[in-house]
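The values are calculated or read from the model by the stated rules, or taken from the named source; none is laboratory data. Computed from a predicted structure; not experimentally measured. A quick note on method: Cβ atoms are made from the backbone with ideal geometry, for glycine too, and the neighbour counts reach across all protein chains shown.
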Amino acid sequence: MTESSDKWEGRWDRLKGKAREHFGRLTDDEVEETAGRRQNMLGKIQEKYGETREKAEEMLKEFERKYL
């Protein structure tokens, strides 16, 4: 598990609200389904935004810079 993944799981209660705001295309249920796991969130971003894995990774890193 990476340090970033550890941060996600450890701070999930606080982060999930921020994730809903930041990634407006994700529903509350979709955010909950990720269960605080970074890889799951990456997949949801890819799916909902129709982006490549690389672009979704950039989007997620931007979120992490703001909120982690």
Query raised in the report: If you check Leu42 against the conditions, is it at pLDDT 95 or above, in contact with a Leu (Cβ under 8 Å, 6 or more places away or on another chain), part of a helix (DSSP H, G or I) and of a type in the set (A, V, I, L, M, F, W, C)?
Result: yes
Query raised in the report: Is the stretch 48-57 home to any residue that is within 8 Å of the chain's Cα centre (by Cα), part of a helix (DSSP H, G or I) and surrounded by 14 or more Cβ atoms within 10 Å (Cβ to Cβ)?
Result: no
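Tell me, yes or no, whether the stretch 24-38 has at least one residue that is in contact (Cβ under 8 Å) with a residue 40 or more places away in the chain, hydrophobic (A, V, I, L, M, F, W, C) and not in a helix (DSSP H, G or I). Break it down stepwise before answering.
Filtering the stretch 24-38 down to residues in contact (Cβ under 8 Å) with a residue 40 or more places away in the chain leaves none.
No, every residue in the stretch 24-38 fails to be in contact (Cβ under 8 Å) with a residue 40 or more places away in the chain, hydrophobic (A, V, I, L, M, F, W, C) and not in a helix (DSSP H, G or I).
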Report summary line: If you go through Glu47, Glu9, the only one that is modelled with pLDDT of 95 or more, out of contact with any His (no Cβ under 9 Å at 6 or more places or on another chain) and of a type outside the set (S, T, N, Q) is Glu47
